[in-house]
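Participant: Got a structure here, written out as structure tokens. Questions coming.
The values are calculated or read from the model by the stated rules, or taken from the named source; none is laboratory data. The shown structure was predicted, so the numbers you read here are calculated from the model rather than taken from an experiment. All Cβ positions, glycine included, derive from the backbone under ideal geometry; neighbour counts span all protein chains shown. When the accessible area is computed, the model is the full protein with side chains, heavy atoms only, and any ligands, DNA or RNA have been set aside. Shrake-Rupley method; radii C 1.70, N 1.55, O 1.52, S 1.80 Å.
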Amino acid sequence: MARMHVMAGIGDKFDKPAIRTITVSDLGDVLRQGMADFWARPSHYIVLMLIYPIIGIVLAVWMNGWHSWTLLYPLVGGFALVGPVAALPLYEISRRREMGENPGWREAMSVIRSPAIGSIMAVAALLFIFFTLWLTSAQALYESLFGASPPRTLTGLLDQVLTQPGGRTLLAVGTGLGALFALAVLCTSVIAFPLLLDRDVGAYVAVETSMRAVLYNRVPLFVWGVIVGAGLFLASIPLFVGLALVLPIFGHATWHLYRKLVEPVSMIRGQ
């Protein structure tokens, strides 16, 4: 029964949230709403401004000590694959602000007590599988072009990529491969986590609803994926410092994107 609840949510039958169609201009609205949520209490995010540079420094030391610089690009690019999981407390803040509350981090972290936490963890596990497959694929691609001996320094890696014949192939094929993984994550989770926080529909329905949202809104959500992917990648470059600003805005904006894409239960029942 517990397994069925995780996959299908509460109730005797699958819920099937109704999907709205949106336009590219709606993305500007959700970004503005995300920024409004961020600036309402920017002091909430001071901890992020400390955590992300520390993560960047730890990764740099680890890659230098273990000569793992070949994972630099996959790790930076791969953050977009697990970003929806990191943004869970941000969705909760936006959800509570929508209800007229003034939530802090204690309320934001209450997501761990959500009735849908099992379903949330199931979808999160799917994203971490995508992330692991991406790292494995990226490393295999590198080794197929340059062999199994990685460069010992960052400058050595840059020299390989920018001056050796396989460098262009690595950049082109690696970027294309990363885009495929990003598309898979977009299709399966673009609104999955906000939906689960709002309505305990189960992991299967959350993923299926995200896929329908992308199917019915291919152009706007493709543009959204490009905006988020590029924003997270660029914000990760300076030792992940930019994520302290970009991740909260995108996280809050994703909640408002969910609201634009999915019909509320009250409207469906009122029909």
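Participant: Do you know which residues across region 126-147 are in contact with a Phe, Trp or Tyr (Cβ under 9 Å, 6 or more places away or on another chain) and of a type in the set (A, V, I, L, M, F, W, C)?
Facilitator: Phe130, Phe131, Leu133, Trp134, Ala138
Participant: Oh, and also: With respect to Tyr142, determine if the residue is assigned to a helix (DSSP H, G or I), open to solvent by 50 Å² or more (accessible area, probe 1.4 Å), among the aromatic types (Phe, Trp, Tyr) and more than 30 Å from Ala36 (Cα to Cα).
Facilitator: On the way: assigned to a helix (DSSP H, G or I): yes; open to solvent by 50 Å² or more (accessible area, probe 1.4 Å): no; among the aromatic types (Phe, Trp, Tyr): yes; more than 30 Å from Ala36 (Cα to Cα): yes.
No; evaluated as a whole, the condition is false for this residue.
Participant: Test of understanding: among Val173, Val185, which residue is surrounded by fewer than 22 Cβ atoms within 10 Å (Cβ to Cβ), among the aliphatic types (A, V, I, L, M) and out of contact with any strand residue (DSSP E or B) (no Cβ under 8 Å at 6 or more places or on another chain)?
Facilitator: On the way: Val185 fails: surrounded by fewer than 22 Cβ atoms within 10 Å (Cβ to Cβ).
Among Val173, Val185, only Val173 is surrounded by fewer than 22 Cβ atoms within 10 Å (Cβ to Cβ), among the aliphatic types (A, V, I, L, M) and out of contact with any strand residue (DSSP E or B) (no Cβ under 8 Å at 6 or more places or on another chain).
Participant: Let me ask you something else. Does Tyr52 qualify as being in contact with a helix residue (DSSP H, G or I) (Cβ under 7 Å, 6 or more places away or on another chain), aromatic (Phe, Trp, Tyr) and either in a loop (DSSP other than H, G, I, E, B) or modelled with pLDDT under 90 (or both)?
Facilitator: Details: in contact with a helix residue (DSSP H, G or I) (Cβ under 7 Å, 6 or more places away or on another chain): yes; aromatic (Phe, Trp, Tyr): yes; either in a loop (DSSP other than H, G, I, E, B) or modelled with pLDDT under 90 (or both): yes.
Yes: the conditions hold for Tyr52.
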